[in-house]
Each structure stands twice: as C-alpha cells, then as structure tokens.
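The structure under discussion appears below in the form of structure tokens.
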Amino acid sequence: MTLSRRTLFKAGIAAGAAISVSSILRAQTQPAPDRTVRMVKSTDLRVFDPIWTATNITADHGAAIYDTLFSVDSKFMPQPQMVGRWGLSDDKKTYTFELRDGLGWHDGTSVTAADCVASIHRWGQVAPGGQLLLERASDISKKDDKTFTISLREPLGLLIDLLADLTPPCLFIMREKDASHPASEQVTTKIGSGPFKFNEALAKPGASITYDRNEKYIPRKEPSDGMAGGKVVKVDRVVWDVIADQQTAMAALQAGEIDYFELPPADFYSSIESDPNLALQVLDKAGQDALVRMNFLQPPFDNVKARQAVLHLIDQEAFMRAMYPDPKYIDSVTSIFGKDTLLSNGENTGWYKKGGDPEKAKELFKQAGYAGQKVVILDPTDWHEGDNASQLLAAALQKVGVNAELAPMDWGGVTTRRANKGPVENGGWSMFITSEMDFSLGNPLTDPLLTANGDKAWYGWPNNDEYEALRRKLADVQTLEERKELARKMQAIWWDFVGDVRLGKYISPIARRKTLTGLIGVPAIVPMWNMQKTSA
C-alpha cells in the first residue's frame, strides 16, 4: 500500500492516541528542530537483526545501535573500535583482545568479553568471513570480563580484516543472551551499546522509526574516519520516516519536512540540482552492481542450462537504462569481482553481448528441458529501480517462452520470502533482483554473494565444490598476483555454473537539504554519527 502524507499524519495521530500519557511524557521530550534529523531511507525497516539478514537498511540500524570490535577507516584499513588493546602470540596463532573502558549496554549493564565471544560464534554461522574464522579456530573464549582470546589451528593473517569488514552481515556485538540465539532465528530486542538508542515508545512500524542519541556512549578519542574513529553524535534524535510514494518524499524534502532522501529516482536529479536548498551527494563512490539471483534448489534454475539461458538473455544496457536513465551514473559489468576492484578480470566473459542474445537463451532453455513451469520473480515495488528491472526481466523471459510471473511486495517482504527454500507453490520463489557493493565484491572471503557452499551460501544456495576450494585458498596465498590468478580460475567456473547474472553497475546519489552536513561516505552503510544540522 502506498502511504500518502495525509495517511501518515492520521497514522501518527492514531498511534499517539493509543499510548499512555506517562509514556508520552517519558518518550516524547522533543529536541530542538535543528537537533532532529528526519530521513527517508531506501526501504522500510522490517528486520531488526543485522546478523539474520544482510540487507543494507538493517545494517544501518545495526550501525546505529550496536558497536563493533574493529572498524575500517576511509582507506579500508581496520582500526580498533570496542577493542582497547590487542596482541598476537609469537607463533601467530593466538590473538588476545581487551575491551576498552566505558562500554555499556543501553539497558545499563556492562559489555563483557562473554558478549563478544557469543557474538562471534553467531556471526560465524552466516557471514563468510565468520565461517572461515570458525573453521580455523581451535578456541574462542573469555579470560575475564574484559578479555577474550581467539586461538587458531594455523595462522590467519586476515583475521583482523575479517573482524572489521563492513560487508553485511557485519560483526555487530550483541548481548550474550541475544547472541545465544541461532543465527537462523531473528533477535527481536534492540538493545545495543552503540551511539544511538532505539526509541521503542515512538516506533510506528510502517510509519516511522526513531533513534535517540545515547548520552552515555563514550566515543573513541581519534577523529572520525570512515567507519572508524570517534563516533560523535551531534544531534539528539534521528527519525526514519516511511514515505513509499517518491513524489511525496521529494515534496517533503523540498518543503524542509525531511532532511535526507536516500534513493531519489533519477528522474528527480535535475530538479534537485536546480534547487538552491538541495544537493545530490554520492556516499558510495564505488557504486553498486545490480544482479539477478536464481534459486538453485527449484526448477527450472536447478538446471545449469536454464541459468546459462538467463546469462545470455540479459541486455545490461537496457536494464541499467530502466533503472537509472542518466548514463553518467551507469556502466556494464562482467567480472564477478566487480567493475573496479583488484580482482576484476575478463576471464570467461565471452557470453557478454550488447543487447543480449535471446535466440541463444531460447535454445538453452530448450536444452534444459524447460516445460512451462511457473517462474516467480519477487518484485520490490517500494524500490523503484528494482521494480522497473523486475518488470523488464519478466518481459524478457516471457519473450523467449518462459512462464514468468511477478510477485509484487515491498522490499521487506522480499527479504522475508527469499529465505523460503520450498517450491513456488508453497510460497517459494525463482528469482529476485538485488544489488551489492562493487567494493565488497572484490573480497570473496567476506562477500556472501560470492559463496557457493550450498546450504551455507547466500539466498539461492549455489553449490560448487571446485569453486569453493579455490575461494578458500585465497586466505592462504601471500601475494596479490597469486590472488589474481585464483580469481581468474574462480570466475571461469562461476560463469559456467552461473552463480548469478549481472545487470550492470550504477551509482545512486542521495539527496539532502544543504543544512544537513557531515554525512560519512562509505559503501553499504550510512552512519548517523558526525552529521549535523544547521538552521536554514
């Protein structure tokens, strides 16, 4: 359902009437207008557990209320965050970490080493980097309330990089009692130790989410730098307003009712650039690669020929034009490691043809024995660009004789339904469109989309032992040339079994009021510390 501003206003009144006067007095202390930032994010926040899902909106929520052991700076170098001191044994097999002083949960209790140990184990159930760590670890345990160790069977020089990686799901540290839940079960509490606190009293699912400054948070003393350094909060409150209608969101930005519009349609760019009060800003300069993920467990894409058919079918330029009409923000991409990373290469990309190759696709579907099975495409209607691409994908498939059907839903619905491994008749799915940071695709040890280990892989669950063996070797080779050689072999295999299909690369600037400054530009996550608001 599309929410109009009038509907939102009514919803706000109804929700307000339903809560008690005491809770209003407790939770509705209004900060000054220039101490409150109102944001319209790319999608609604439906999942609050940043380990259960890898979506960016949930990672943004995680960065607000949780903290991390290490974080990467603006040069993507890992720096201590919750960790105060750490050391490595002479045989390079045992890491000892000591938490810095002053770390506390929003419920008033102290962060302990046991919380960190439990969080690492839970993260290791789902994150590729965490899985690698657990495979190499002989022991992860607390030594006292502030100290814990990670002991390895053999040295793992990338360990600190894995702990600091910002590719969702990141290693957000949770309370031990929350982190004790299996990663397959969502944690519904929202108690972290980060620079913002989740305001439960003002939460209106589907309408708005509110975060308040954690007045007890003690930032690091170093200057803010990327995701690292001091997380100094310069506003009292941040509100994420849910405005599904993009025209309405744009009008709210122009009127000064919101300060930030995360995913303005490309059609609005010229209007934003001509408004003296507004600005476009690219926070993720590396951009995103759009891609189609197919379900390896269900027909027809359990057959490699059907997946190869989609690889040959796609016209990248047409998809990018449908998503971002302005050519200065789009490009093609044929490497599984992204357009501009150290591992990008041109191995086994002979399938790429400008305009696609529908006749080749039709022949491959025939070789796959495709017999008219329903192909369900999860269509995120509140992600305008993803919706356009989904409709184009359905049309392209139908033109080559595939019984493609769109399943419209919001992005939150996609992130829930894509976990269903069953057939489409039981609520499962066949395909969905998503995107991944071009930067992140350069590290197959941490990017979930580049795994092919069956049940442990990302949604779609590709399985290829030969590829996986090469991917795991990356953790042990010493030189960049060795990594590049492995990357070429991996890509040759990937494009044969077709782990996904790339639609192209795009850069999507955010729009903001010029009174909102200090936004930190990193891939994947939009931190809320450091930003500030001045009077118009």
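The values are calculated or read from the model by the stated rules, or taken from the named source; none is laboratory data. This is a predicted model, so every value here is computed, not measured. Remember, those area values only see protein heavy atoms, side chains included, never the ligands or the DNA or RNA. Shrake-Rupley method; radii C 1.70, N 1.55, O 1.52, S 1.80 Å.
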So, for region 391-449, what is the accessible surface per residue at a probe of 1.4 Å, expressed in square angstrom?
33 Å²
If you rank 180, 208 by how much accessible surface each has, with a 1.4 Å probe, what is the order from largest down?
180, 208
Can you return the aspartates and glutamates within cross-link range of residue 533? Criterion is Cα-Cα under 12 Å, with same-chain partners fewer than 8 residues away left out.
34, 236, 259
Contact order relative to length of the chain, as percent, for alpha carbon pairs under 8 angstrom and 6 or more apart:
20 percent
Determine how large the accessible area of residue 365 is when every protein chain is in place; take a 1.4 Å probe and give Å² rounded to the nearest 10.
10 Å²
On a C-alpha basis, how far is the centre of region 158-200 from the centre of region 417-432 in Å? Whole number, if you could?
27 Å
Expressed as a fraction of 2.2 N^0.38 Å, the rule-of-thumb size for a compact globular protein of N residues, what is the C-alpha radius of gyration of region 278-373?
1.28
Could you compute how much accessible surface residue 370 exposes when probed at 1.4 Å, giving the result in Å² to the nearest 10?
40 Å²
Pop out the carbon and sulfur fraction of the accessible area of region 428-536 as a percent, whole number, probe 1.4 Å.
45 percent
Sorted by accessible surface (1.4 Å probe, heavy atoms of the protein chains only), largest first, 77, 39 come out as 77, 39
Express in Å², to the nearest 10, the accessible area of residue 488 obtained by rolling a 1.4 Å probe over the protein heavy atoms while all chains stay in place.
80 Å²
Which option, (i) 73, 65, 43; (ii) 66, 64, 43; (iii) 102, 65, 38, is the value of Cα extents along the principal axes in Å that was calculated from these coordinates?
(ii)
Give the lysines whose C-alpha is closer than 18 Å to that of residue 204, dropping any in the same chain fewer than 8 places away, or say none.
10, 41, 190
Whole-number accessible area per residue in Å² for region 254-376, which is evaluated in the context of all protein chains at 1.4 Å:
42 Å²
Please work out the average accessible area per residue across region 468-536, using the 1.4 Å probe convention, and give it in Å².
36 Å²
Whole-percent carbon and sulfur contribution to the accessible surface of region 249-289 (1.4 Å, no ligands, DNA or RNA) stands at 46 percent
For a 29 Å ceiling on Cα separation, which of these pairs sit above it: 305/421; 231/473; 92/143; 328/362?
231/473; 328/362
How many percent of the accessible area of region 16-163 is carbon or sulfur, using a 1.4 Å probe?
53 percent
14 Å Cα-Cα reach of residue 484 towards aspartates and glutamates, excluding residues that sit fewer than 8 places from it in its own chain:
340, 347, 476
